[in-house]
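A short reminder: the numbers here are calculations on the coordinates, not readings from a lab. These figures come from a predicted structure and were not determined experimentally. Please note: Cβ atoms are built from the backbone with ideal geometry, for glycine as well, and neighbour counts cover all protein chains shown.
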Amino acid sequence: MNNVKDSSFIKDIIITFSGQIFVLLSNFLINKMVAIFVGVNEFGVFNIAKRSATVIGFFILLELGISIPRYYSLYLKNNPKKAYEYYQLGIYILLTMAVFISAIIFFNQELVASYIFGSRVFSKYIIPLLIYSIGIAANTFIFSAYRGEERFYTYTVIQLLTQVINVIIVYIAKDDGIETILTAWGSSNILLSIVFMCLFTRLNSEFKTFKIVNLYSKIKELLIYGIPRIPGEIIQFSYYLIPLMIINQRFGKLSSGFFAASTGILQAFLPLFSYVGIVLLPKVSKALMEKKMGLVKKQVRYLSILYLLFSFIVVFFGIIFSKQIMQILYSNEYTEQLNIAKILLITLIPRAQFLLLRNPIDAISVRPVNTISLCLSFLIMLLIMFFSNSVTLMAWSFVISDLVLAVLSMIFWSFMVNRKSGAENE
């Protein structure tokens, strides 16, 4: 990582960015297909179920999606056997949590439904939702392992295969309902993850065996790093789930359907701003070990300016062509409340800065700094929503909350990177 134009860094970004473009386009297609097949009323319910599964997936994962690539990258060059041990321990943690969370949800399906959907009537969605959450956790774990080993090509292939399979499933199950789609998505993700776990083991066949009793310190290290970050990840995805649940209960299914479509446009653009962060986590972890944080500081500053310019361009065109985008992604019946989509698009500008900085911050700090920022900004959003009497005001709470999140991220990053680079110069 010698400079901003480092060839391997640029190559990794191009590979990852190409994959994220495909993810973005396939998410457009999936959202449009589901929106047409289930209608406005059920589209809100579908999004609540889908996003709830993502949140449950983070409980199962225990932030292994961040801790595995971080620790794998730290030791990959000097001690690859130790790096692989972190991966193996991650599998044990993942399996243990999947069984534990599944047991809790299985025996409390109606209670979970009342918390998520506001009614026990929706309990039929809980098992499909659970299967999908396990699939998300397994999928996230395995492509995070490939991130840690800096195999970004394989990481991208996993994402592409997942998206292609998801599109095919939606088309095949278009008449079978939300439950079938979620169950099939979860099952396919689990099977695909197993295949690539076997491949990862084969690629590291010289490090097959170890004694679990000798590795409690590493388990403790992973959990100490990961568990405090879980609230932050849950909050990050609850940004779009909690408001949807509140709107569903306060304003009804129709309003939640329109709001889900508006947040769907916003979330569809987010992969454009996450690809560099995907590459930066292992790169910054390696730079931390090699004491090259001064170069990282310059690189991130350069990328921050590019992100700012790019996000302004995306928001500008998104607002101008919001009606056409809504028609392309969904259908004409979703264009009744375009003002919500336009307001939410503004959040891309501050959110892009957070998406750039969160991975470098996680690479530098063992402390859950991003969790602190997310908690504070989320509390501000909820406070504004509490006093909001319209869906429009709720949408503006996103803008204010994300602005606070971006400012906090920039402050924390500046403090930490200056301290690390300053220590290297002493």
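Brief remarks on what is shown
- In region 77-112, the chymotrypsin sites (Phe, Trp or Tyr not before Pro) that fall in loop regions by DSSP, at most 16 other Cβ within 10 Å: F107
- Reachable lysines, given that their alpha-carbon falls under 22 Å from the alpha-carbon of K174 and they are not under 8 places away in the same chain: K32, K50, K124, K253
- Taken one residue at a time, the phi angles of region 71-83 give Karplus couplings (6.51, -1.76, 1.60, θ = phi - 60°) of 6, 4, 5, 4, 10, 4, 6, 8, 8, x, 5, 5, 4 Hz. Gly and Pro are set to x.
- Among (i) 219; (ii) 129; (iii) 287, the entry derived from the coordinates for volume of the Cα convex hull per residue in Å³: (ii)
- Exceeding the 18 Å Cα-Cα cut-off - candidates K11/K291; K291/K420; K82/K220; K77/K283; K82/K218; K297/K420: K11/K291
- Around the Cα centre of the chain, unit charges on the Cβ atoms of Lys, Arg, Asp and Glu (plus for the first two, minus for the last two) sum to a dipole of about 1000 debye.
- Semi-axis lengths (Å, descending) of the ellipsoid that matches the C-alpha gyration tensor of region 294-426: 33, 19, 9
- Mean residue ellipticity, 222 nm, helices only, the chain: the sum of -39500 (n - 2.57) across DSSP H runs of n ≥ 4, divided by residue count and rounded to 500, is -29000 deg cm²/dmol.
- For region 7-425, averaging the sequence separation of C-alpha pairs within contact (under 8 Å, six or more residues apart) and dividing by the residue count gives a relative contact order of 23 percent.
- Cα-Cα separations in region 186-338 greater than 27 Å, expressed as whole percent: 52
- Cut-off 12 Å between beta-carbons: net charge of the residues surrounding A260, Lys and Arg +1, Asp and Glu -1: +2
- Taking the convex hull of the alpha carbon positions in region 115-241 and averaging its projected area over all directions gives 10.3 nm².
- Centroid-to-centroid separation of region 76-134 and region 8-74 [C-alpha atoms, Å]: 16
- Candidates F316, F46, F386: whichever shows maximal mean-square fluctuation once the chain is modelled as a Gaussian network with Cα springs under 10 Å: F386
- Dipole size of region 1-115 about its Cα centre, with +1 on Lys/Arg Cβ and -1 on Asp/Glu Cβ: approximately 380 debye, rounded to the nearest 20.
- Sorted largest first, the principal axis extents computed over the alpha-carbon atoms of region 375-415 equal 39, 14, 8 Å.
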